[in-house]
Amino acid sequence: MAHAFSALSPETVISAVESVGLYPADEPFALNSYENRVLMFQDDDRTRWVVKFYRPERLSDAAIDEEHAFLLELADAEVPVGAPWRDQRGQALHRFEGFRFTLFPHCLGRAPELDNPAHLFALGEVLGRLHAQSSRKAFVHRRTLDLSGDIERARSQVMGSPWLDAQQRRVYPQIIDRLLTSLERHSLSSANFIRTHGDCHLGNILGVDDAFTLVDFDDCLMAPAIQDVWMLLPEDAQEWRAALSEVREGYEESRPFPDDELDLIEPLRAYRLVRHAAWLVSRWEDPAFPRAFPWLAERGHWDQHLRQLEQQLMQLEQPRWLA
């Protein structure tokens, strides 16, 4: 059975863009994205645009509209984000031949340097401004981070895959059980959940000099504020302290830094490790995934994943951050 994105030909992309009144001057080219299909093009005025075609059935219209409303709210509050383009009716989500898509003005820049104190301060400042605004209301249609529930669902997806051998099938659920037991000591019940970017890594931050813009809010969700911070911190304990100091100083230009959430860093890292493996498994029917991640079907990859989870269990017991 053909995957839904197989019908998204270059001609379809161009026709979709033209249907909302923009006219590509050349053929759009694909950017590095797997969950959705994201392409860049120049229009006949030589303005650069990014068009995102959403993976069918992944998100409801309401969830996408809420992401767009969030981005426009942030832009109105002068938080530097990649906000969507709207047509004359004020619509940001468009449809063409069964696909849903959104257009964004292209953001110039490159990823920040995490060993540059000025960049770290600027990142902290942007995140502080983001959270100062995002904490004013809650999402209704976006999901809420659920450590245990999401890990349980991820385990089911991985165990349903064909690639684990007999030994790995014995060991993997045992590690996940130990992980869930350890996470019981790191309850999120006392954390202050706010609207977050949700996937704030270097690939989703673009800057010129030390002025940075946050892009790709596709995974925005209700979560503790530290969810948008921890991926920007180095793993080395000494370097981490220096980086945290710069990020905190910038962040506190707008709001108090969530120091009480630092002990959630290792649980969130464990959560990401487990869910990333399950994400790859769940998307394997998309032809882009076997091409990009052929090692997923190799025994050695799953041995390495199990070792990573074992190491992460050790960090949950004795976090490097709090040493």
Report task. Mind listing just one residue for me: the one in the stretch 30-52 that is within 16 Å of the chain's Cα centre (by Cα) and not hydroxyl-bearing (S, T, Y) and, of those, nearest to H94 (Cα to Cα)? Result -> K52
**Report entry** Pairs with Cβ under 7 Å, 6+ apart, first in the stretch 93-108 and among the hydroxyl-bearing types (S, T, Y), second in a strand (DSSP E or B)
**Finding:** T102/K52; T102/H94
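Table: residues versus (1) at pLDDT 95 or above; (2) on the phi < 0 side of the Ramachandran plot; (3) touching a Ser or Thr at 6+ places or on another chain (Cβ under 9 Å).
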| residue | (1), (2), (3) |
| --- | --- |
| P10 | no, yes, no |
| S19 | yes, yes, no |
| Y34 | no, yes, no |
| D43 | no, yes, no |
| R48 | yes, yes, no |
| V51 | yes, yes, yes |
| R55 | yes, yes, no |
| R58 | no, yes, no |
| H68 | yes, yes, yes |
Query raised in the report: For S60, all conditions in the list (1) in contact with a Leu (Cβ under 7 Å, 6 or more places away or on another chain); (2) closer than 23 Å to W279 by Cα; (3) surrounded by fewer than 18 Cβ atoms within 10 Å (Cβ to Cβ) hold save one; what is the number of the exception?
Result: (1)
Query raised in the report: If you scan the stretch 73-84, which residues turn out to be assigned to a helix (DSSP H, G or I) and buried (at least 16 other Cβ atoms within 10 Å of the Cβ)?
Result: E73, L74
Query raised in the report: Would you say E113 is at pLDDT below 95 and either surrounded by 13 or more Cβ atoms within 10 Å (Cβ to Cβ) or in contact with a Lys or Arg (Cβ under 7 Å, 6 or more places away or on another chain) (or both)?
Result: yes
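Out of the stretch 1-58, which residues are over 19 Å from W284 (Cα atoms), small (G, A, S) and not in a strand (DSSP E or B)?
Taking the stretch 1-58 first, the residues over 19 Å from W284 (Cα atoms) are 9-31, 39-52.
From the residues that got through so far, the ones that are small (G, A, S) too are 9, 15-16, 19, 21, 25, 30.
Those that are over 19 Å from W284 (Cα atoms), small (G, A, S) and not in a strand (DSSP E or B): S9, S15, A16, S19, G21, A25.
In the set R241, R255, R248, which member is among the charged types (D, E, K, R), in a loop (DSSP other than H, G, I, E, B) and over 17 Å from the mean Cα position of the chain (by Cα)?
Details: R241 fails: in a loop (DSSP other than H, G, I, E, B); R248 fails: in a loop (DSSP other than H, G, I, E, B).
The match here is R255.
The values are calculated or read from the model by the stated rules, or taken from the named source; none is laboratory data. Nothing here was measured: the structure is a model prediction, and the numbers come from that model. FYI the Cβ positions are ideal-geometry reconstructions off the backbone, even for glycines, and counts take in every protein chain you see.
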